[in-house]
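Visitor: If you scroll down you'll find the structure; I have some questions about it.
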């Protein structure tokens with residue numbers, strides 16, 4: 001399995017919570033499942049990459065307590081992006097049995113009636129997703145890259161990455177179901193785009209207060225797009241020919 005746990009980030013986030021012992025105290029004080037309480041050795045093995053959470057519930061509680069999108073805690077070894085993307089697609093298509101801790105991805109990928117998964121945010125983070133939408137009107141213009149400007153409403157403390165999930169749906173095809181096609185990860189001045197086909201794009205922002213420019217394909221037909229995050233943000237559309245700065249691009 002090429003997809004693993006980002007132990008380095010996990011260790012950094014636990015350190016900001018006072019270290020392993022303090023974090024375990026927080027976990028035990030809010031957990032209603034005493035049988036799933038990790039111990040010191042388990043956490044250290046997660047951090048070292050020697051063990052993975054035993055199921056999705058434990059992994060999502062870990063993410064919720066750290067207040068970080070669960071996708072931020074997923075790591076892919078360098079050079080294995082395409083292979084890892086293929087594994088995730090096979091998991092979604094039910095042709096590959098996922099490890100228990102990754103079963104939550106079924107709520108994101110593939111054709112979804114409801115997206116993003118509401119229970120993940122409400123159960124593990126105690127709040128709803130922050131969602132913004134924009135529309136592609138194919139009667140005005142088709143087959144071009146639209147530029148989306150994303151602004152973080154606040155800088156996340158403690159070095160936590162900010163994840164933005166992107167999905168779209170056609171108004172009638174596929175029963176108007178949502179399809180997530182990628183995500184953007186912001187961590188300090190580093191911004192990385194991941195497309196579901198394994199393509200990645202990245203940049204470093206010289207000014208972290210400037211909006212993040214993301215290009216997404218507006219094809220021959222109409223579509224409604226949605227951006228979702230567990231942390232506050234805003235968005236706007238801009239003419240791709242206006243403005244300066246490099247843009248990340250979801251391939252069309």
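Visitor: When the residues of segment 149-180 are filtered to those that are touching a strand residue (DSSP E or B) at 6+ places or on another chain (Cβ under 6 Å) and part of a loop (DSSP other than H, G, I, E, B), which remaining residue is modelled with the lowest pLDDT?
Guide: Of everything passing the filter in segment 149-180, 156 is modelled with the lowest pLDDT.
Visitor: Also: Just name the residue that is modelled with the lowest pLDDT out of those in segment 103-148 that are surrounded by 15 or more Cβ atoms within 10 Å (Cβ to Cβ) and over 24 Å from residue 216 (Cβ atoms).
Guide: Looking at residues that are surrounded by 15 or more Cβ atoms within 10 Å (Cβ to Cβ) and over 24 Å from residue 216 (Cβ atoms), I get 103.
Visitor: Residue 63 passes all but one of (1) surrounded by 17 or more Cβ atoms within 10 Å (Cβ to Cβ); (2) modelled with pLDDT under 95; which number fails?
Guide: Condition (2) is where residue 63 drops out.
Residues are listed down the side, and each one gets a yes or a no for (1) modelled with pLDDT under 90; (2) under 22 Å from residue 12 (Cβ atoms); (3) in a helix (DSSP H, G or I):
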| position | (1), (2), (3) |
| --- | --- |
| 43 | no, yes, yes |
| 51 | yes, yes, no |
| 57 | no, no, yes |
| 85 | yes, no, yes |
| 101 | yes, yes, yes |
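The values are calculated or read from the model by the stated rules, or taken from the named source; none is laboratory data. Here the structure is a predicted model, which means the values were calculated and not measured. Cβ coordinates were reconstructed from backbone atoms using ideal geometry, including for glycine residues, and neighbour counts include every protein chain displayed.
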